Amino acid sequence: MIIFAFIQVLIAFIAAPLLLGLINRTKAIYGGRKGQPLLQAYYDIAKLLKKDFVYSRTTTWIFPAGPPIIFSAVLLLSLLIPSGQAGSIIYFPGDIILIVYLFGISRFFMICSALDTGSSFEGMGASREAQFSLLAEPATFFSMIVIAFQTKSFSLSGMLENINWNTWSGNFPSLLLVIISLFIVMLAENSRIPFDDPNTHLELTMIHEVMILDHSGPDLGIILYSSSLKLWLLSAVIINIMLPVNNSNFLVNQGIFLAGIAVLAITIGVVESVMARIRLIKVPKLLIIASFLSILALVFIMR
Amino acid sequence: MTLFIISLLLLTVGTVNTLILPKSSFAVKVAFLSIISGCLIALIPAADVLLTSETLNFVLPFNSLYGTFSLAIDALSAYFLLGILIVSLFGTIYGYEYMKNQPDSESTWFFLGLLVASMMGVVTARNGLLFLIFWEIMSLSSFLLVGFENKKQEVRTASLIYLVAAHIGAAFLILFFALLWVKTGSLNFIDIKNLSASTSYIDLLFCLAVIGFGAKAGFIVLHVWLPEAHPAAPSHISAIMSGVMVKIGIYGILRVLMLLGVVHTWWGWMLIIIGAASGIFGVLFTLVQRDLKKLLAYSTVENIGIITMGIGMGILGISYNIQPLIIMGFGGSLLHIINHSLFKSLLFLAAGSVLHGTGTKDIEQLGGLFKKMPWTGTGFLVGSVAISGLPPLNGFISEYLIYLGAFHALTGEGRILTVLSVIIIISLAIIGGMVLLSFTRAFGITFLGRLRNDKIEHIHESGYLMRFSMMAMAAGCFMTSILSPYILQGLFPVIKLIAHPIIIDTKLFLSLKQLISNLVIIFICFSLVIAFTSLIFYKLRNTRNSRQTETWGCGYPQITPRMQYTALSFSKPVTDLFTILLPVKRKHDKVSGLFPESSSVTTSTPDVFYSSFLRPFFALIEKVLFRFKWIQHGNLQLYVLYITATLIGLLIWKVS
């Protein structure tokens, strides 16, 4: 039902920054602290939207053009990626390719905005971001190949809707490997530990946070919101693969889905608390491990 | 067809006056106008053939030993003609201003006209000997154009490498046509179509064709002339060479497929492996280049790889009789041909503009050019977004078609097709990721940030004609994206021609066209959302107080432009993973003594195929042939004796 798809997208828009709050609260509990309020991300975005802009003299019009493009790309992605079992609003054969390349265009303009400032920090972040996404893409595609092979569908919503108990019972190892691989890719794409520390922009963790160092005011608010929505959408893909339920009641489905997303956010928080960011020269190895896990999944499926 | 012949005459005869009357700017103007009008006139028969899908013929009533002088425009020729004419048109407009102040540049107009005319001749020739004649004229005229600045040593070396490579390819083509003549008794394409040779010879023929045409197209290992010749040529010539001349190689392979009539499965696999290797190696080499044009030349190798993968997929579709593979494989690669012509020539024209405006094409010395050269910068940005295959521009649609074909193979029957699909999808994914890195590097380091070498002075934007050509190509990228359903419709007769005698499922094709139309609608909405959001932010910026300040430097007081990220460091994390393929040669002036004064380190990354395979291979050949140097003693009388002895020997052989 298309109206359910709309409701899912609306929930995604409203609840996305809550994920950041959940992750931070989990990290705080691990650290024995009380932590930020759960709704802190909302307060941050609202505060940033009210502020003024500060631009660097080195930048051209490409710098302010970055945030609108990133926001529009994430908006279109929320229409393409299903945030629940009711499917997505837009779907067509091969939409998985449009999804990956929409992430690509938002990355392109984020890197260009970073290089536009002429700062060495941002150049560093841009270079590392390009490298990580390059290595994470094969893992994404291998995982999608595995799921497409199983469900005989090439539209993302088609793929995710057709995963049910039978698929799981028949192909447990390969789907498990796909989920682990996609989890690693999600951590890389959203700049979480072990790839990047979202709290700081210092040398050791200079990837995503440092690329947005010169953005200010509403630009930064939009970027913060877009990254939370991106986290929601990538988590949605993993949860949709993991949960093979398809109850006829929309509310039950959505409730289970939201519970799954919350559990995934708490898991990310746990991962962030027990690990440190791994050394940068080891990051390619971790991403290639993710690719090999999904290759293994493909081999199991093709057996 | 008469319009076509008129156009050919305009291109050659109209420009010969620059050769006859040197140093005459009037002659240059006449030549310029003849080329422009020639290109425009020939568009009419090309478009006519594509719209009505009938074939135009032209046969000169003279029969030689080897066949007739016959030209014809069918759907395949017309499609390639469109690419040739559009890119040559805008390249010429650009070249008029670009070459204006260069000394002794008048004769290049004749060679340019000859180049365009010979390319048109190659795609319309219907006789093997005529084809080879036009091919040779194309190689020679482009050789003379590449070697225009022959006062410089590297340009001379580059043009000689190009000449040798072009003739090695031509040698294989001569072998190909010779073998065809032996097997069928004729060089006319119409007669060859009814080929009934034995199987083994068809395989040999196809291999000869792949090597011969692949040398022109720039397949891996045979590509070594591309990164030498394309940077050495004047920028509009690079644009034409990279934009259309390498596609003539692809045309040759498609024409050979049609001539041979049958396809073998392993041909498809071979083309896919060649394509994947060209794509990945091509883009890998772009990551270590600091010469902007060399970077673009390697990127051409990569895109030819993508096109070849699509053709390989189409061939597999024909041999397994799977309709989606045929339509999407050939459709995607043909669409990528025109897309690549547009955005690669845009990128080369912009690179030429950078060279023209700053005097250097070394990206490590540039930076911050966007403020002084906004038009060039925008052109390069559009080209970079298009070549990375990002929505909403045209590069995405052709790559999407090839991906979709591969996904169809995935869900089909048979494990072998799954392997095909995995190879294509993963190769395209790796290539896509690297192209993004490569072109954010090329665009970002050159145009954004601040100028790294402040000794470069008088940076100026290009003039009107150069700007016009760049903006026209950029507009072409947008238009090709929006009009892709119609272009795909125009490709239908071409695909039908190539896949003959397999009948293409029209319903499947129309559903694919509908899919692309929906995708284009999504793109248009996406662009509107971007425009709307940007407008809101623009209004917001004007209502709030926006301050300008220095870039945040974490408290460092003296930020210099040299502290910015360099091009080498931008791609180093990735190139460090591939040190086998990208060996770094390091030259180090040793520091000596207790109080050393100065030292230097130079690093460079040579092309591993050239330095590790081809150069030693040719050196070995030279060593062997050196033993026979005594034959070339310079004594003219003995040379005449050699010729006489050969003639007598041939006579005896022929008589007996």
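When every Cα-Cα distance of region B:582-656 is counted in 10 angstrom steps from zero, the calculated P(r) takes the values 14, 18, 19, 18, 13, 10, 5, 2, 0 percent. Is the C-alpha gyration tensor of region B:284-393 telling us rounded, prolate or oblate? Criteria: a/c under 1.5 is rounded; beyond that, a/b larger than b/c is prolate, otherwise oblate. Prolate, since a/c reaches 1.5 and a/b exceeds b/c. Just so you know, the Cα atoms of region B:71-126 work out to an Rg and Dmax of 13.4, 41 Å.
State the volume of the convex hull built on the alpha-carbon positions of the protein assembly as shown, expressed per residue in Å³ and rounded to an integer. Intermediate values should be presented prior to the final figure.
On the way: hull volume 195.1 nm³, N = 959.
Hull volume over Cα atoms, normalised by residue count, gives 203 Å³.
For the peptide A:296-303, the mean number of other protein chain Cβ atoms found within 10 angstrom of a residue's Cβ is 1.
Roughly how far apart, in whole Å, are the Cα centres of region B:543-574 and region A:141-205? Taking the Cα centre of each part, region B:543-574 and region A:141-205 sit 35 Å apart. Per-residue Karplus couplings for region B:11-16, computed as 6.51 cos²θ - 1.76 cosθ + 1.60 with θ equal to phi - 60°, are listed in order as 5, 8, 6, x, 9, 5 Hz, Gly and Pro entered as x. In sequence order, region B:165-174 has phi-based couplings of 5, 4, 7, 4, x, 5, 4, 5, 5, 5 Hz under the Karplus curve 6.51 cos²θ - 1.76 cosθ + 1.60, θ = phi - 60°, and Gly or Pro positions carry x. Exposure proxy shown here: for B:Arg126, B:Arg450, A:Arg57, the number of other Cβ atoms within 10 Å sets the order, fewest to most, as A:Arg57, B:Arg450, B:Arg126. Note on A:Phe257, B:Phe492, B:Phe617: ascending count of other Cβ atoms within 10 Å places them as B:Phe617, B:Phe492, A:Phe257, the fewest first. Rounded to the nearest 5, the antiparallel percentage of DSSP beta bridges internal to the protein assembly as shown is 80%. Taking amide H as placed 1.01 Å from N in the peptide plane, the amide H of A:Tyr55 sits under 5 Å from that of B:Arg547, B:Gln548, B:Thr549, each at least 5 places away or on another chain. From the alpha carbon centroid of region B:374-389 to that of region B:88-157 is 26 Å. Going from the fewest other Cβ atoms within 10 Å to the most, the residues B:Cys207, B:Cys39, B:Cys477 appear in the order B:Cys207, B:Cys477, B:Cys39.
Averaged over peptide B:446-455, the number of partner chain Cβ atoms lying within 10 Å of each residue's Cβ comes to 4. Mean per-residue shielding of peptide A:98-108 is 6, counting Cβ atoms of other chains within 10 Å of each Cβ. Which of the GluC sites (Glu not before Pro) found in region B:339-414 are in a DSSP loop and have at most 13 neighbouring Cβ atoms, other than their own, within 10 Å? When the GluC sites (Glu not before Pro) of region B:339-414 are filtered for loop state and at most 13 Cβ neighbours within 10 Å, B:Glu413 remain.
What the Cβ-Cβ distance of A:Met1 and B:Glu550 gives, at R0 = 60 Å and to the nearest 0.05, is a FRET efficiency of 0.65.
Measuring between their Cα centroids, region B:240-267 and region B:299-346 lie 11 Å from each other.
Between the listed residues A:Ala297, A:Ile90, A:Gly32, the Cα displaced farthest toward the positive end of the dipole of the protein assembly as shown, a dipole computed from Cβ unit charges relative to the Cα centre, is found at A:Gly32.
Note on chain A: the C-alpha convex hull projects to 15.4 nm² when averaged across all orientations. Which of the three applies to region B:1-107, rounded, prolate or oblate, going by the alpha-carbon gyration tensor with a ≥ b ≥ c and a/c under 1.5 meaning rounded? Verdict is oblate for region B:1-107. Most tightly packed first, judged by the mean number of other beta-carbon atoms within 10 Å of their residues, the peptides B:622-630, A:158-166, B:329-337 read B:329-337, A:158-166, B:622-630. Reported value for region B:430-541: 208 Å³ per residue, from the convex hull of its C-alpha atoms.
FYI, it's all coordinate maths here, none of it is from the lab. Nothing here was measured: the structure is a model prediction, and the numbers come from that model. Cβ: placed from backbone, ideal geometry, glycine included. Neighbour counts: every protein chain shown.
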